[in-house]
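Peer 1: I have a structure I would like to understand better, so I am pasting it below and will then ask my questions one at a time.
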Amino acid sequence: MLLNVYNRFPVNFVKGEGLTLIDDKGDRYLDFVSGIAVNALGHAHPKMVETIQKQAETLLHVSNLYYNEAQNRAAEKLLAATGYDRVFFCNSGAEANELALKIARKYGKQISPSKNVILYMKNSFHGRTTGTLAVTGQEKYQADYRPLIPNTVEIEFNDLEMLKAHFNSDVCAIILEPIQGEGGLTSATESFITEIARLAEEHQALVIFDEIQCGMSRTGTVLYSDQLPLKADVVTLAKALGGGVPIGACITKGIANEILVPGDHGSTYGGNPFVCSVAATVLDEITSEEMLSHVKKMGEYAHSALEALQKKHPEIVEIRGKGLLLGFKLDDSLQAGDLVKEALARKLLLVSAGGNVVRYFPALIVTEKEINATIPILDAALNALKEA
C-alpha cells in the first residue's frame, strides 16, 4: 500500500500525551525520539491543541499571493528570538536547505561566473532532494542518484588543514551542521568555526548553518550557534519549529537578505496560516527564558544520568551533544540499532545515528522523573545485548 522506503518498527501509535505514546493495543511507550527532534512540546500540548482548533475554524490556506496575519506573527517572533532580519517559510528542512543553496549560488554568480563552489562536511545530512544530496556527506545517500549538482566539495569535519586547502575565491558558500545530527552528534570545534569565519570573510563566501536538528532551543539557546563565535549569514530551521506540523524556515541577515527577488523562489503551502499559527505558539513556549533554563537544567541532569549508566557499561564509550540534543556512542561489541530494538521491547523509544550512536531526544518539557525512568530500561537492554 505505502511506497517501500521505510524500515518501520512493528508498532502503530494512535495517541500521545506529553512524553507518552499509546499504541493500538493500549500499550504505553516513553518517547525519547520526539519525532526525531520535532515534538519539542511533547504530544497534545494544550496550547498547541487550542491554537490548532482555533485556526482550523478561521483560515487554513490562502497562498503567498496575499499576506496573512499568522505568517507575519510567526516571522516577527522567529526573527526577534534569533536576531535575524528576514525569513522564508517552507514545508521542511530539506526545502529550507534548497533555498539556502540557491541563495549561495546566486550570490556567487553576482560576484564572478566561477564563484559557484559550495563546501560541505563529511558525515553531514541536509536532506534527500537531489540538491541537498549533493551536500550530504554520506555516500550511502548519494550513490544511486549521481550525477548530483556539480561544484560541491566535501571537507572532513573539524579538519582545519583540509578546510584551508579547499577554501578559495571560487567558494560561494560553506554549509554545515554545528552539531551533526544523523551523522552522530559530533560538534564543530571552536577553532574550526573560527577558521570558517576568517576564510569566509577573506574569500567573500556565505556561511550557512543547518540548525534543523540542533536549533530551536534544544541545546539551551534558541539557536545552537548563539553559543558559537560566528553568526552565519543563513540559518535553516524546521523540525521543532512546528512542534509536529510541517514547517521549515530559512532565515537571513546582511548581504543574504538582498540576493533573491520576486520570482526567484516560492512555495504553494509554505507559510500558510495554519502552520504559522502553530509555529507562533510553539515559539512562544520554547523561546521563553523559563523554557531555556529548563532545557539547560534537564540537559545537565540527563547527561549525569547517562554518565552513571556509562560507569556500569563501559561499552558506552562517549556521551555526545548539548542540552537535550544528547546521544551516546557504543563500541564495536554492540550495535546502536540492536539497542534501539531492545529498548523498544521495553517500551522506550530511541533512534540511532551514524557512527554507532544512540540518540536520546526527549521533548523539551521532560522531567527528572521521566529521565530517571529511562535508565533502568537502558541498563536492562544493554545487559540483554551483552548476554545474547
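Peer 1: Filter segment 177-209 for residues that are of a type in the set (F, W, Y) and surrounded by fewer than 24 Cβ atoms within 10 Å (Cβ to Cβ) and give the result.
Peer 2: Narrowing segment 177-209 to residues of a type in the set (F, W, Y): 192, 209.
Across segment 177-209, the qualifying residue is only F192.
Peer 1: Here's something else I'd like to know. Out of all the residues in segment 104-141, which are closer than 22 Å to V275 by Cβ and either surrounded by 23 or more Cβ atoms within 10 Å (Cβ to Cβ) or β-branched (V, I, T) (or both)?
Peer 2: Initial filter on segment 104-141 (closer than 22 Å to V275 by Cβ): 126-129, 132.
Once the filter is applied, which keeps residues that are closer than 22 Å to V275 by Cβ and either surrounded by 23 or more Cβ atoms within 10 Å (Cβ to Cβ) or β-branched (V, I, T) (or both), segment 104-141 yields H126, G127, T129, T132.
Residue-by-condition table, conditions (1) outside the structural domain of S92 (by the TED database); (2) modelled with pLDDT of 95 or more:
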site	(1), (2)
M1	yes, no
N7	yes, no
E17	yes, yes
T20	yes, yes
G26	yes, yes
A37	yes, yes
L41	yes, yes
T51	no, yes
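Peer 1: Can you confirm whether F274 is in a strand (DSSP E or B) and either in contact with a Ser or Thr (Cβ under 7 Å, 6 or more places away or on another chain) or touching a residue at least 60 places away in the same chain (Cβ under 8 Å) (or both)?
Peer 2: Working: in a strand (DSSP E or B): no; either in contact with a Ser or Thr (Cβ under 7 Å, 6 or more places away or on another chain) or touching a residue at least 60 places away in the same chain (Cβ under 8 Å) (or both): yes.
It is false that F274 is in a strand (DSSP E or B) and either in contact with a Ser or Thr (Cβ under 7 Å, 6 or more places away or on another chain) or touching a residue at least 60 places away in the same chain (Cβ under 8 Å) (or both).
Peer 1: So, one more: Got a number for residues in segment 221-264 being of a type in the set (A, V, I, L, M), assigned to a loop (DSSP other than H, G, I, E, B) and surrounded by fewer than 24 Cβ atoms within 10 Å (Cβ to Cβ)? I'd like the intermediate steps shown before the answer.
Peer 2: Of the residues in segment 221-264, the ones of a type in the set (A, V, I, L, M) are 222-223, 228, 230, 232, 234-235, 237-238, 240-241, 245, 247, 249, 251, 255-256, 259-261.
Narrowing the set further to residues that are assigned to a loop (DSSP other than H, G, I, E, B) leaves 222-223, 228, 230, 232, 238, 247, 259-261.
This time we only want the ones that are surrounded by fewer than 24 Cβ atoms within 10 Å (Cβ to Cβ), so: 222, 228, 230, 259-261.
Count: 6.
Peer 1: Only one of these is polar (S, T, N, Q) and surrounded by 15 or more Cβ atoms within 10 Å (Cβ to Cβ): N39, N7, N12. Name it.
Peer 2: Working: N7 fails: surrounded by 15 or more Cβ atoms within 10 Å (Cβ to Cβ); N12 fails: surrounded by 15 or more Cβ atoms within 10 Å (Cβ to Cβ).
Residue meeting the stated conditions: N39.
Peer 1: Additional query: Go through segment 352-373 and count every residue that is under 14 Å from the mean Cα position of the chain (by Cα) and either modelled with pLDDT under 95 or assigned to a strand (DSSP E or B) (or both).
Peer 2: 3
Peer 1: What pairs come out if I take residues in segment 376-388 that are modelled with pLDDT under 95 and pair them with residues that are among the polar types (S, T, N, Q) and surrounded by fewer than 14 Cβ atoms within 10 Å (Cβ to Cβ) whose C-beta lies under 9 Å away, six or more apart or interchain?
Peer 2: Taking only residues 6 or more apart or on different chains, the pairs are K386/S333.
Peer 1: Could you tell me whether any residue of segment 334-351 is farther than 30 Å from N12 by Cβ and more than 19 Å from the chain's Cα centre (by Cα)? Steps first, please.
Peer 2: Restricting attention to segment 334-351, the residues satisfying the condition of being farther than 30 Å from N12 by Cβ are none.
Taking every residue of segment 334-351 in turn, none turns out to be farther than 30 Å from N12 by Cβ and more than 19 Å from the chain's Cα centre (by Cα).
Peer 1: Among the residues of segment 142-160 satisfying the criterion of being closer than 21 Å to K102 by Cα and of a type in the set (A, V, I, L, M, F, W, C), which is most open to solvent (accessible area, probe 1.4 Å)?
Peer 2: Let us first name the residues in segment 142-160 that are closer than 21 Å to K102 by Cα, namely 142, 145-155.
In the following step, the residues that additionally are of a type in the set (A, V, I, L, M, F, W, C) were identified as 148-149, 153, 155.
Working: L148: 35, I149: 62, V153: 44, I155: 1 Å².
Checked segment 142-160; the qualifying residue most open to solvent (accessible area, probe 1.4 Å) is I149.
Peer 1: Since I377 meets every condition but one in (1) within 21 Å of I36 (Cα to Cα); (2) open to solvent by less than 30 Å² (accessible area, probe 1.4 Å); (3) in contact with a strand residue (DSSP E or B) (Cβ under 6 Å, 6 or more places away or on another chain), which condition does it not meet?
Peer 2: (2)
Peer 1: Also: Y67 is checked against (1) within 23 Å of the chain's Cα centre (by Cα); (2) assigned to a loop (DSSP other than H, G, I, E, B); (3) of a type in the set (S, T, Y) and fails just one. What number does that condition carry?
Peer 2: (1)
Peer 1: Report yes if some residue within segment 30-39 is small (G, A, S) and part of a loop (DSSP other than H, G, I, E, B); otherwise report no.
Peer 2: Narrowing segment 30-39 to residues small (G, A, S): 34-35, 37.
The next check asks that each one be part of a loop (DSSP other than H, G, I, E, B); those that pass are none.
No, there is no match, as no residue in segment 30-39 is small (G, A, S) and part of a loop (DSSP other than H, G, I, E, B).
Peer 1: Also, I was wondering about something else. Right, A81: in the same structural domain as D210 (by the TED database) and of a type in the set (A, V, I, L, M, F, W, C) or not? Break it down stepwise before answering.
Peer 2: Numbers: in the same structural domain as D210 (by the TED database): yes; of a type in the set (A, V, I, L, M, F, W, C): yes.
Answer is yes for this residue.
Peer 1: Answer yes or no as to whether E76 is closer than 30 Å to K369 by Cα and part of a helix (DSSP H, G or I). Spell out the reasoning first.
Peer 2: Numbers: closer than 30 Å to K369 by Cα: no; part of a helix (DSSP H, G or I): yes.
Here the answer is no, as E76 does not meet what is asked.
Peer 1: Within segment 89-100, identify whether any single residue is part of a loop (DSSP other than H, G, I, E, B) and of a type in the set (D, E, K, R), and answer yes or no.
Peer 2: no
Peer 1: Further, regarding this structure: Considering only segment 185-220, how many residues are assigned to a loop (DSSP other than H, G, I, E, B) and within 18 Å of Y360 (Cα to Cα)?
Peer 2: Residues in segment 185-220 being assigned to a loop (DSSP other than H, G, I, E, B) and within 18 Å of Y360 (Cα to Cα): 12 in total.
Peer 1: Those residues that are aliphatic (A, V, I, L, M), open to solvent by 10 Å² or more (accessible area, probe 1.4 Å) and not in a helix (DSSP H, G or I), I need them from segment 161-176; list them, please. Let's see the steps before the verdict.
Peer 2: Applying the first criterion (aliphatic (A, V, I, L, M)) to segment 161-176 yields 162-163, 165, 171, 173-176.
Narrowing the set further to residues that are open to solvent by 10 Å² or more (accessible area, probe 1.4 Å) leaves 162, 165.
The answer is none; no residue qualifies.
Peer 1: Now, a different point. Out of the residues in segment 304-338 that are assigned to a helix (DSSP H, G or I), open to solvent by less than 50 Å² (accessible area, probe 1.4 Å) and without any contact (Cβ under 8 Å) to a residue 40 or more places away in the chain, which is farthest from P178 (Cα to Cα)? Show your work before the answer.
Peer 2: Just the residues of segment 304-338 that are assigned to a helix (DSSP H, G or I), to begin with: 304-312, 336-338.
Checking which are open to solvent by less than 50 Å² (accessible area, probe 1.4 Å) leaves us with 305-306, 309, 336-337.
Restricting the remaining residues to those that are without any contact (Cβ under 8 Å) to a residue 40 or more places away in the chain gives 336-337.
Working: A336: 23, G337: 24 Å.
Of everything passing the filter in segment 304-338, G337 is farthest from P178 (Cα to Cα).
Peer 1: Given the criteria open to solvent by less than 20 Å² (accessible area, probe 1.4 Å), under 23 Å from the mean Cα position of the chain (by Cα) and at pLDDT 95 or above, does S92 qualify?
Peer 2: Details: open to solvent by less than 20 Å² (accessible area, probe 1.4 Å): no; under 23 Å from the mean Cα position of the chain (by Cα): yes; at pLDDT 95 or above: yes.
Taking the combined requirement at face value, the residue does not satisfy it.
The values are calculated or read from the model by the stated rules, or taken from the named source; none is laboratory data. For clarity, every value in this text was computed on a predicted model and none was experimentally measured. Don't worry about glycine lacking a Cβ; one is built from the backbone with ideal geometry, like all the others, and counts go over all protein chains shown. Accessible surface is based on the protein model in full, side chains and every heavy atom, while ligands, DNA and RNA are left aside. Shrake-Rupley method; radii C 1.70, N 1.55, O 1.52, S 1.80 Å.
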